[in-house]
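Peer 1: Pasting a structure below so you can have a look.
The values are calculated or read from the model by the stated rules, or taken from the named source; none is laboratory data. Bear in mind the structure is a predicted one, so any value in this text is a computation, not a measurement. For neighbour counting, all protein chains shown are included, and Cβ atoms are generated from backbone atoms with ideal geometry for every residue, glycine included. Quick note on the areas: whole protein, heavy atoms, side chains included, nothing else; ligands and nucleic acids left out. Shrake-Rupley method; radii C 1.70, N 1.55, O 1.52, S 1.80 Å.
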Amino acid sequence: FSSTINIFFFFFCHKLKMAKNTNIRISLPAVCFVWQIAMIILFGVFIRYDEESDTHWIEHRRKKNISTNLENDFYYRYPSFQDVHVMIFVGFGFLMTFLKRYSFGGVGFNFLIAAFGIQWALLMQGWFHHLDEHDWKIKIGVENLINADFCVASCLIAYGACLGKVSPVQLMVLTLFGVTLFAVEEYIILELLHAKDAGGSMVIHTFGAYYGLTISWVLYRPLLSQSKHLQGSVYHSDVFAMIGTLFLWMYWPSFNSAIADHGDGQHRAVINTYLALASSVLTTFAISSISQNNGKLDMVHIQNATLAGGVAMGTASEFMITPYGSLIVGFCSGIVSTFGYLFLTPFMEKTLKIQDTCGIHNLHAMPGVIGGIVGAITAASASESVYGQEGLINTFDFKDAVANRTVNIQGGYQAAALFVAIAFGLVGGALVGGILKLPIWGDPADVNCFDDDVYWEVPEEDENFLSRHPNMNHATSIPDV
Amino acid sequence: FSSTINIFFFFFCHKLKMAKNTNIRISLPAVCFVWQIAMIILFGVFIRYDEESDTHWIEHRRKKNISTNLENDFYYRYPSFQDVHVMIFVGFGFLMTFLKRYSFGGVGFNFLIAAFGIQWALLMQGWFHHLDEHDWKIKIGVENLINADFCVASCLIAYGACLGKVSPVQLMVLTLFGVTLFAVEEYIILELLHAKDAGGSMVIHTFGAYYGLTISWVLYRPLLSQSKHLQGSVYHSDVFAMIGTLFLWMYWPSFNSAIADHGDGQHRAVINTYLALASSVLTTFAISSISQNNGKLDMVHIQNATLAGGVAMGTASEFMITPYGSLIVGFCSGIVSTFGYLFLTPFMEKTLKIQDTCGIHNLHAMPGVIGGIVGAITAASASESVYGQEGLINTFDFKDAVANRTVNIQGGYQAAALFVAIAFGLVGGALVGGILKLPIWGDPADVNCFDDDVYWEVPEEDENFLSRHPNMNHATSIPDV
Amino acid sequence: FSSTINIFFFFFCHKLKMAKNTNIRISLPAVCFVWQIAMIILFGVFIRYDEESDTHWIEHRRKKNISTNLENDFYYRYPSFQDVHVMIFVGFGFLMTFLKRYSFGGVGFNFLIAAFGIQWALLMQGWFHHLDEHDWKIKIGVENLINADFCVASCLIAYGACLGKVSPVQLMVLTLFGVTLFAVEEYIILELLHAKDAGGSMVIHTFGAYYGLTISWVLYRPLLSQSKHLQGSVYHSDVFAMIGTLFLWMYWPSFNSAIADHGDGQHRAVINTYLALASSVLTTFAISSISQNNGKLDMVHIQNATLAGGVAMGTASEFMITPYGSLIVGFCSGIVSTFGYLFLTPFMEKTLKIQDTCGIHNLHAMPGVIGGIVGAITAASASESVYGQEGLINTFDFKDAVANRTVNIQGGYQAAALFVAIAFGLVGGALVGGILKLPIWGDPADVNCFDDDVYWEVPEEDENFLSRHPNMNHATSIPDV
């Protein structure tokens, strides 16, 4: 009987699958080749080494009277850069391996779009922030590499909402526009509003999350329950996802401090982030346990909500928020994030028609907004008595055009920046979602979502492995007879 | 027939399980919330940024005539800190995923107690070592973060002995008292005895191991064999554990050098640890192979005993032990540790009634004691001809109160420190074990040990996965008929 | 019927297995012990701390007028060293876990031979490059540790060609001779020819790959298809391999910059490698997709060819190759490498009788040769107008004996270096292959290749696990009846 069902099911699926063409044999190679060639041409026209990575560094040193090679920014930032790099590729990548049959897609497409995105980000961010006025070239160094990784993070967050439901070609388009929007939004927030956001609570997390959620809303799939059997995890896929969680968690202090001010700025950002993260672990375990019969813990919460403290500390990590202030931020964001997984995600799927595979609304959107608010309040309540006169100027860069700005006004601009980030996410997501809805991108049918078999050569699970392998089947050879 | 056994077994287990109440829905959230709130209050009262992470750093620099931001301790220690952080969360966490059905508990509870422990350690270690006499505040910087990670390591070692047999609430209690005992013991060893122990062979490993073993002895379970079928590994859980092993192994040089003296101290500690670790890999493989028919290797040995060289080099890593001295230390500790797994662990379980899940006696206790002894001998045999006059003073900090101490006397104090560490472990473990024996902590019945299903929502293993998934079951669809 | 086949198969295998004695109970421990003791003796005679890791550093500082501990090379190179260390043990180790039943051997033997190789490399490279003329000692510091890791990388590459087909004793022999040959080859290329090769496209990758391929050719197994059922991956082993891929990919900028010149040299090497790697990801995905029906991606390509850009950038990473030049190098090497997996590997196995388990010809040999050629061209086309006068001298070390060398001549020497690397690989591989062909090393029979069961205690796969574990088999208990 069960095989009759099997056969029926097979034909049913087969037919549904035919309805959508997931063949990406032309489109994916075309996108990869053409865009990579475009990158080469644009890099040829625009990108050069900056004075610290150019062989003229030795002359630059002499001219600027720099006493040692160690003053090359490379030695201030490279260890943090490598940690951020691990977060982007292993952290985000493995966090998305938790589905039972979408681990290849989770880590593999994350790899693809991040590798494209960092190139495009070097250009986009370069045009907006680093264009040399004399020769119209973008001069890059290690700080640009960090910023490119940051920029891509917002697109990877957006991927989290769409995980399993889009084709790699759609993801490339999502990244192309995501990086573009990011660069404009970042320019408005950091340069025009002169807001501070070293760890990107607003610029990266809030923007990225609303961008992804809006796309997911536009691409709503009413029949997604057809692939419900693939939406869960298996035991070992949950352990793989913990690799992603832990590398994100451990290196988040580097993320929030990577482009902070040299000296006390980086040092303080690390301490604040370390504490906020520790605090959100405890509240996540607490809420996860209290929400279940017998107090059993849910791996989805542990994998995600433990990171909320890092997101929420993104804006204020540089500020004198105090160690206990950091603990409080982590405390609250861990609670909010776990409650999100318990109540908001189901609500959003049913009522708002937003299908959020990884729960990015709980991990990035809400903690990101918290981070933006915390940043605005902390900035508005900064004082010379706490920061010192020079400290206040250095921390908020009250120089040049904004030399006369007060901390209250700064708080207002921080709040404005949060709205800019949300607006860019919503509007940008709606536009890009519309583009991605076109029936040309090779996205899977509802019944084939969350299934690596659509875009990957999946190894045949070898059920007969043990029987073909006599040395191992001491226990099983007899029952087979 | 097999299903009859199944049903019988089911009721049998069910009944046994009823005997113990493993519901932690009240206790775990209560502990997490109350203790986290206590942390926030205590941090509010006691913890502040130190002068290198405060915005007044720029004034401090000017006052102390520090020429560059690079002299901020952050740039000396942050890369090592991040490596240590990875060891604590991924290293210890994944090393404990080797059991076939306790990977969630291994990596998850490790995460929970480490996140709590580092906060409590910042307070405890701060009160003993860093309390500012003027304002009674603890001023923290990156070195405090490293020391907090170190302190927690001792509790994670103790967890290794109890893995699979205790509830997360018990682990929180174990950590609360473990960190407290650690701070006192560390104060006696480093401040009162003025012993040196940069990598913590005594302070961390010996103490942590005897603390955990004594707890395990107090909590002895005579019927633990009821869960024997869960005490082994499966193929992929052994590969997961190798992630833990390798990150511990690779970053151990950072562990032993993280708080060593700037300059040659850190540099030498790295070289010594690198060599000791390499050497213990070879002797571990040798003993593992020679102990089995056909010379087959045992993954348990490779996962653990290869690390013994790092433990044993913890005290002497800063000293001029010479490169070949490091190789000898690794050589011996690899042998001792592997023999421990072969003979001592079964002996301890049968005769001494100590059930040591991860074999921490072999990986931490014995190599830790070796490390303490090596440290004492190396210190006692130090000489001005080898170290140079200033080098000797710098290495052993023969300043102020101990300015007139000779190397022989230092050797004696090093030996005394070892006994302090053992004594704290034994006495502390007995006390805390007594507390954990109370029947209120929600620990599992013997038959439910090593089973994630007690404390976690474990994903249903989807046996029908392939049949519901027609694209993948070419090979299996026919036999199903 | 299937059980009859099973039984037949069992005896057939049993007999074949008897034909080869894979008992390594004497040979492996003997090799490990004797060689480790030899290391201790040789280290005792030859190896000492250098002036930066010795307690006399403080006097050295004063004598050389070094203002800060930060000028200790440790602070320039230690973060890069740790990244390289992760590549050697986790990167190479986990990349070789992709086989369904050889993950223990992949990561475990990688661990063993790397731990031996780094010790032997410190000696061999020390004798050739760092022997102090006054006291005939080798003085080691962090740069020696990096170089030892580099040296071992070439042997791990060679292991890739032999994966699953050799015994650990053979691998130790392969490493002993591989490190020896490497040290000579490196001496010729870097010291005699004065070629530049910071990331080792020629010295490490080209040499290592041809060394391994020639050994594999000598050890050709005509009946290897007998273990064909073990030559593939399973779903989770492919995810494990992605851990290796990503850590190699992320840390490759550190690999190519670890021993580059302080300051702009390291900085530029990072940028160039970062870009080349990103570019090769896109072309790998493109070719992988275009080569299959429906454009499905192949995990083998993603796991390997994405790294080709890092290999190909090994020689020129220090040079002013320009950012878009780096993108072009990555673009081409990704294509070449993926085509290699598609066409060359099958061709080499059938026609040239070279069985290359991991496809090192595609990942290391061809991109390594590309890297050598790119390096020669970039060097030959260097100019004072681009590099600056001092920059040109610094980058190519046109000092002392080679003070008058022109860039054209340098290009010629670079090309010559490539031939030296290939020649050492081919000749060395033939010699060592001959030694490894002796029937004394305990290598497996053809039918037992790619099977951990030969050299490891493999945990019994517990088919009855679910039935013995009633809490988990809600879904499966009924069908069992």
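Peer 1: Take A:Thr345 and decide whether it is closer than 23 Å to A:Ile373 by Cα and either out of contact with any helix residue (DSSP H, G or I) (no Cβ under 7 Å at 6 or more places or on another chain) or without any contact (Cβ under 8 Å) to a residue 60 or more places away in the chain (or both). Lay out the reasoning, then the answer.
Peer 2: On the way: closer than 23 Å to A:Ile373 by Cα: yes; either out of contact with any helix residue (DSSP H, G or I) (no Cβ under 7 Å at 6 or more places or on another chain) or without any contact (Cβ under 8 Å) to a residue 60 or more places away in the chain (or both): yes.
So A:Thr345 fits the description; yes.
Peer 1: Answer yes if at least one residue in the range B:457-476 is at pLDDT below 95, more than 30 Å from A:Arg101 (Cα to Cα), of a type in the set (A, V, I, L, M, F, W, C) and buried (at least 19 other Cβ atoms within 10 Å of the Cβ), and no otherwise.
Peer 2: No - not one qualifying residue is present in the range B:457-476.
Peer 1: Looking at the range C:185-194, is at least one residue part of a loop (DSSP other than H, G, I, E, B), modelled with pLDDT of 95 or more and charged (D, E, K, R)?
Peer 2: Quick first cut of the range C:185-194, residues part of a loop (DSSP other than H, G, I, E, B) only: C:193-194.
If we keep only those that are modelled with pLDDT of 95 or more as well, we get C:193-194.
Filter again for charged (D, E, K, R), leaving none.
No, the range C:185-194 has no match at all.
Peer 1: Does the range B:56-67 include one or more residues that are out of contact with any helix residue (DSSP H, G or I) (no Cβ under 9 Å at 6 or more places or on another chain), of a type outside the set (D, E, K, R) and on the phi > 0 side of the Ramachandran plot?
Peer 2: Scanning the range B:56-67, I find at least one residue that is out of contact with any helix residue (DSSP H, G or I) (no Cβ under 9 Å at 6 or more places or on another chain), of a type outside the set (D, E, K, R) and on the phi > 0 side of the Ramachandran plot, so the answer is yes.
Peer 1: When you scan the range A:24-42, do you find a residue that is basic (Lys, Arg) and within 22 Å of C:Ile302 (Cα to Cα), even just one? Walk me through it before giving the result.
Peer 2: At the first step, the residues of the range A:24-42 found to be basic (Lys, Arg) are A:25.
Restricting the remaining residues to those that are within 22 Å of C:Ile302 (Cα to Cα) gives A:25.
Checked against the condition, which is being basic (Lys, Arg) and within 22 Å of C:Ile302 (Cα to Cα), the range A:24-42 yields at least one hit.
Peer 1: Looking only at the range C:288-300, how many residues end up being open to solvent by less than 10 Å² (accessible area, probe 1.4 Å) and at the interface with chain A (Cβ under 7 Å from one of its Cβ atoms)? Can you show your working first?
Peer 2: First, pick out the residues of the range C:288-300 that are open to solvent by less than 10 Å² (accessible area, probe 1.4 Å): C:288-289, C:295, C:297, C:299.
With at the interface with chain A (Cβ under 7 Å from one of its Cβ atoms) added as a condition, the list becomes C:289, C:295, C:297, C:299.
The total comes to 4.
Peer 1: When you go through (1) closer than 18 Å to A:Tyr455 by Cβ; (2) more than 10 Å from chain A (Cβ to nearest Cβ) one by one for C:Ala276, which number turns out not to apply?
Peer 2: (1)
Peer 1: While we're here: Of all residues in the range C:301-317, count the ones that are more than 9 Å from chain A (Cβ to nearest Cβ), of a type outside the set (Gly, Ala, Ser) and open to solvent by less than 10 Å² (accessible area, probe 1.4 Å).
Peer 2: So in the range C:301-317, the residues more than 9 Å from chain A (Cβ to nearest Cβ) come out as C:301, C:303-305, C:307-317.
Now narrow it down to the ones that are of a type outside the set (Gly, Ala, Ser): C:301, C:303-304, C:307, C:311, C:313, C:315.
Adding the requirement that they be open to solvent by less than 10 Å² (accessible area, probe 1.4 Å) leaves C:301, C:303, C:307, C:311, C:313, C:315.
Total meeting the criteria: 6.
Peer 1: Now for a different question. Has the range A:158-167 got at least one residue that is part of a helix (DSSP H, G or I), open to solvent by 10 Å² or more (accessible area, probe 1.4 Å), on the phi < 0 side of the Ramachandran plot and modelled with pLDDT of 95 or more?
Peer 2: As a first pass, look at the range A:158-167 and keep what is part of a helix (DSSP H, G or I): A:158-162.
Okay, now just the ones that are also open to solvent by 10 Å² or more (accessible area, probe 1.4 Å), so none.
Checked the range A:158-167: no residue is part of a helix (DSSP H, G or I), open to solvent by 10 Å² or more (accessible area, probe 1.4 Å), on the phi < 0 side of the Ramachandran plot and modelled with pLDDT of 95 or more.
Peer 1: Output yes when any residue across the range C:81-91 is open to solvent by less than 10 Å² (accessible area, probe 1.4 Å), modelled with pLDDT of 95 or more and of a type in the set (Asp, Glu), and no when none is.
Peer 2: Going residue by residue through the range C:81-91, those that are open to solvent by less than 10 Å² (accessible area, probe 1.4 Å) are C:81-82, C:84-91.
Going one step further and asking which of them are modelled with pLDDT of 95 or more, we end up with C:81-82, C:84-91.
This time we only want the ones that are of a type in the set (Asp, Glu), so: none.
The answer is no; no qualifying residue exists.
Peer 1: Same structure again: Just for the range A:324-360: of the residues that are farther than 20 Å from A:Tyr251 by Cβ and either of a type in the set (Asp, Glu) or assigned to a loop (DSSP other than H, G, I, E, B) (or both), which one is farthest from the other protein chains (Cβ to nearest Cβ)?
Peer 2: A:Lys353
Peer 1: Say we look at the range B:239-261 and pick out the residues that are in a helix (DSSP H, G or I) and more than 9 Å from chain C (Cβ to nearest Cβ); which of these is nearest to B:Phe150 (Cα to Cα)?
Peer 2: Within the range B:239-261, the first condition is being in a helix (DSSP H, G or I), and the residues that meet it are B:239-257.
From what is left, the residues that are more than 9 Å from chain C (Cβ to nearest Cβ) are B:241, B:244, B:248, B:252, B:255-256.
Values: B:Ala241: 21, B:Gly244: 17, B:Leu248: 13, B:Trp252: 12, B:Phe255: 8, B:Asn256: 10 Å.
This residue is B:Phe255.
Peer 1: Scan (1) open to solvent by 40 Å² or more (accessible area, probe 1.4 Å); (2) at pLDDT 95 or above for the single condition A:Val420 breaks and write down its number.
Peer 2: (1)
Peer 1: Shifting gears a bit: What are the residues in the range C:97-120 that are open to solvent by less than 10 Å² (accessible area, probe 1.4 Å) and either touching a strand residue (DSSP E or B) at 6+ places or on another chain (Cβ under 8 Å) or not in a helix (DSSP H, G or I) (or both), if any? Talk me through it step by step, then tell me what you get.
Peer 2: Restricting attention to the range C:97-120, the residues satisfying the condition of being open to solvent by less than 10 Å² (accessible area, probe 1.4 Å) are C:97, C:99, C:102-119.
The answer is C:Thr97, C:Leu99, C:Tyr102, C:Phe104, C:Gly105, C:Gly108.
Peer 1: It is to be established whether one or more residues within the range B:343-351 are under 19 Å from B:Thr245 (Cβ atoms) and crowded, with 22+ Cβ neighbours inside 10 Å. I'd like the intermediate steps shown before the answer.
Peer 2: Keep residues of the range B:343-351 that are under 19 Å from B:Thr245 (Cβ atoms), which gives B:345.
Still in the list and also crowded, with 22+ Cβ neighbours inside 10 Å: none.
No; the residues of the range B:343-351 include none that is under 19 Å from B:Thr245 (Cβ atoms) and crowded, with 22+ Cβ neighbours inside 10 Å.
Peer 1: Which of the residues that make up the range B:121-137 are open to solvent by less than 20 Å² (accessible area, probe 1.4 Å) and more than 9 Å from chain A (Cβ to nearest Cβ)?
Peer 2: First, the residues of the range B:121-137 that are open to solvent by less than 20 Å² (accessible area, probe 1.4 Å): B:121-126.
Those that are open to solvent by less than 20 Å² (accessible area, probe 1.4 Å) and more than 9 Å from chain A (Cβ to nearest Cβ): B:Ala121, B:Leu123, B:Met124, B:Gln125, B:Gly126.
Peer 1: Out of the residues in the range B:48-83 that are polar (S, T, N, Q) and in a helix (DSSP H, G or I), which is farthest from the other protein chains (Cβ to nearest Cβ)? Don't jump to the end; show me each part of the working.
Peer 2: So the first thing to find is which residues in the range B:48-83 are polar (S, T, N, Q), and the list is B:53, B:55, B:65, B:67-69, B:72, B:80, B:82.
Filter once more, keeping what is in a helix (DSSP H, G or I): B:69, B:80, B:82.
Details: B:Asn69: 4, B:Ser80: 8, B:Gln82: 6 Å.
Here the residue is B:Ser80.
Peer 1: Restricting attention to the range C:228-238, and to residues there that are open to solvent by 10 Å² or more (accessible area, probe 1.4 Å) and facing chain A (nearest Cβ under 7 Å), which single residue is farthest from C:Asp452 (Cα to Cα)? Let's see the steps before the verdict.
Peer 2: Narrowing the range C:228-238 to residues open to solvent by 10 Å² or more (accessible area, probe 1.4 Å): C:228-229, C:231-234, C:236.
When the remaining residues are screened for being facing chain A (nearest Cβ under 7 Å), the result is C:229, C:232-234, C:236.
Numbers: C:His229: 14, C:Gly232: 14, C:Ser233: 14, C:Val234: 15, C:His236: 16 Å.
By that ranking, first place goes to C:His236.
Peer 1: Six or more apart or on different chains, Cβ atoms under 8 Å: show the pairs whose first residue is in the range C:363-391 and within 14 Å of chain A (Cβ to nearest Cβ) and under 14 Å from C:Thr315 (Cβ atoms) and whose second is of a type in the set (Phe, Trp, Tyr) and assigned to a helix (DSSP H, G or I).
Peer 2: Short answer, once both residue conditions are applied: C:Ala379/C:Phe396; C:Ala382/C:Phe396.
Peer 1: To continue, here is another question. Between residues in the range B:93-116 that are without any contact (Cβ under 8 Å) to a residue 60 or more places away in the chain and residues that are outside any helix (DSSP H, G or I), which pairs lie under 7 Å by C-beta distance while being six or more apart or on different chains?
Peer 2: B:Gly106/B:Met96; B:Gly106/B:Thr97; B:Gly106/B:Leu99; B:Gly106/B:Leu163; B:Val107/B:Met96; B:Val107/B:Thr97; B:Asn110/B:Met96
Peer 1: Return the total of residues in the range C:24-34 being surrounded by 19 or more Cβ atoms within 10 Å (Cβ to Cβ) and at the interface with chain B (Cβ under 7 Å from one of its Cβ atoms). Reasoning before the result, please.
Peer 2: First pass over the range C:24-34, keeping only residues surrounded by 19 or more Cβ atoms within 10 Å (Cβ to Cβ): C:24, C:27-29, C:31-32.
Subset that is at the interface with chain B (Cβ under 7 Å from one of its Cβ atoms): C:24, C:28-29, C:32.
The qualifying residues number 4.
Peer 1: Can we say C:Gln292 is within 19 Å of the chain's Cα centre (by Cα) and not aromatic (Phe, Trp, Tyr)?
Peer 2: Details: within 19 Å of the chain's Cα centre (by Cα): no; not aromatic (Phe, Trp, Tyr): yes.
Criteria not met by C:Gln292.
Peer 1: Pick from the range A:38-47 the residues that are open to solvent by less than 50 Å² (accessible area, probe 1.4 Å) and free of Cβ contacts under 8 Å to residues at least 12 places away in the same chain: which of them is farthest from the other protein chains (Cβ to nearest Cβ)?
Peer 2: Result: A:Ala38.
Peer 1: For the range B:195-212, give me the residue count where each residue is assigned to a helix (DSSP H, G or I) and open to solvent by 10 Å² or more (accessible area, probe 1.4 Å).
Peer 2: Pass one, the range B:195-212, residues assigned to a helix (DSSP H, G or I): B:201-212.
Imposing the further condition that a residue be open to solvent by 10 Å² or more (accessible area, probe 1.4 Å) reduces the set to B:210.
Of the residues in the range B:195-212, 1 are assigned to a helix (DSSP H, G or I) and open to solvent by 10 Å² or more (accessible area, probe 1.4 Å).
Peer 1: Picking from B:Leu163, B:Leu190, which residue would you name as being touching a helix residue (DSSP H, G or I) at 6+ places or on another chain (Cβ under 9 Å), in contact (Cβ under 8 Å) with a residue 12 or more places away in the chain and within 16 Å of B:Gly93 (Cα to Cα)? Break it down stepwise before answering.
Peer 2: Numbers: B:Leu190 fails: within 16 Å of B:Gly93 (Cα to Cα).
Only one candidate qualifies: B:Leu163.
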